[in-house]
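Notes to accompany the following structure.
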Amino acid sequence: MHIISHTPGASWSLSGTELHIPDGFLNLPISLACWALAIAIIALAARRAQRDLDERQTPLLGIMAAFIFAAQMINFPVAGGTSGHLLGGVLAAVTLGPWGGILVMTAVIAIQALLFQDGGLLVMGANILNMGVITALIGYGLYRSVITQSQTVRLAVIGVAAWLSVMGAALATSLQLWLSGTIPLDIVIPAMMSVHALIGIGEALITVAAVAFIMRTRPEVMETEARPGAGRGWIIGGAIAALIVVVLSPLASADPDGLERVAEDMGFIDLGQSAPYEIIPDYTVPFLGETPLSTIVAGLIGVLVVAVVIVLVARALGSRRAEAGR
């Protein structure tokens, strides 16, 4: 869940970020460099997905995007009054492949920033790199190395990959903060890595549980060389799971997330800047106020929008592939 956190002297509210960097934490050169790299990787992912993804996988992309969006609304408590939530990059990559995973994570992160003001606009490239690209590549790279091994081995490696993905994303965020002159490297790395080492355990447990369920109910989804796509039952089941998670989101921990905790402790939280506009800020529907119903409705809107966006992207890529094959 994304809770508004008001800090004395702060000019903005940081809403359940974990690793969603707000505008103001990174300087302009680093933000633009991250955007350039993110655009290049997204373009590569789109080209490769256009070639590799079967059109029958389009519903699976939508369901996975919806589930990851919903799951990111559930914060779980960790030590020291800090909370974390699923990133989902490893889950996306091992079920969809690295390119489909990157596209799904990009859609989730973009909708969070554009519609819910969760993460800055200028730094969106950095957020996509940290939470979408790095996590997906770590997850798929390690999973691919044991794809022919037993289910037990694969699940163990997926758990390790999920933990490492959080650590990799935290390290990248630390380096960006340092290069921006926000905080010294020898201070930010220990602070970020220590808190996210705990959050990574939650990431690993959730990811392994989700993948184990998929392996048990739809093992063909994990066959990255030849996935026949998702059946109607899988689509319905995935949609129901996403809706259940959204309904439970008001019960999430209200403790600050990893980056928010570090920003508060290290004294740079007041550098954060508010979004230039508000649509559904902090996952609060304006006419419903800060209520559990408001959070649920906002979550349902997000789930629907992110699923539609990624399905439209997948269909557009499929159409381009069909035209190229003529």
Next item on the list: Go through (1) under 28 Å from Y283 (Cα atoms); (2) touching a helix residue (DSSP H, G or I) at 6+ places or on another chain (Cβ under 7 Å); (3) modelled with pLDDT of 90 or more; (4) surrounded by fewer than 19 Cβ atoms within 10 Å (Cβ to Cβ) one by one and return the number of the condition A204 breaks.
Entry: (4)
Check: Mind checking which residues of segment 267-281 are surrounded by 15 or more Cβ atoms within 10 Å (Cβ to Cβ) and either in contact with a helix residue (DSSP H, G or I) (Cβ under 6 Å, 6 or more places away or on another chain) or over 23 Å from A170 (Cβ atoms) (or both)?
Finding: I269, S274, A275, I280, P281
Next item on the list: Write out, first by first residue and then by second, each pair whose Cβ atoms fall under 8 Å of each other, whose residues are 6+ apart or on separate chains, and whose first residue, in segment 119-135, is farther than 22 Å from W163 by Cβ while the second is among the β-branched types (V, I, T) and open to solvent by 10 Å² or more (accessible area, probe 1.4 Å).
Entry: G125/I39
Next item on the list: Only residues that are open to solvent by less than 60 Å² (accessible area, probe 1.4 Å), farther than 27 Å from I30 by Cβ and of a type in the set (S, T, Y): list them for segment 124-149, please.
Entry: Y143
Notebook entry, point to check: Does segment 73-116 hold any residues that are under 23 Å from P292 (Cβ atoms) and assigned to a helix (DSSP H, G or I), and which are they?
Noted result: G81, V108, I111, Q112, L115, F116
Next item on the list: Looking for whichever is touching a residue at least 12 places away in the same chain (Cβ under 8 Å) and either closer than 20 Å to L137 by Cα or not basic (K, R) (or both) here; the options are T173, T148, T152. Which one fits?
Entry: T173
Margin query: Just the residues that are crowded, with 24+ Cβ neighbours inside 10 Å and among the small types (G, A, S), please, taken from segment 73-96.
Written below: S83, G84, G88, G89, A92, A93
Checklist line | Checking A40 against (1) more than 17 Å from I214 (Cα to Cα); (2) touching a residue at least 40 places away in the same chain (Cβ under 8 Å); (3) of a type outside the set (S, T, Y); (4) in a helix (DSSP H, G or I), the condition it does not meet | finding: (2)
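The values are calculated or read from the model by the stated rules, or taken from the named source; none is laboratory data. All of these numbers come straight from a predicted model, not from anything done at the bench. Cβ sites come from the backbone with ideal geometry, for glycine too, and all protein chains shown count toward neighbours. Side chains are part of the model used for accessible areas, which takes the heavy atoms of the whole protein and leaves out ligands, DNA and RNA. Shrake-Rupley method; radii C 1.70, N 1.55, O 1.52, S 1.80 Å.
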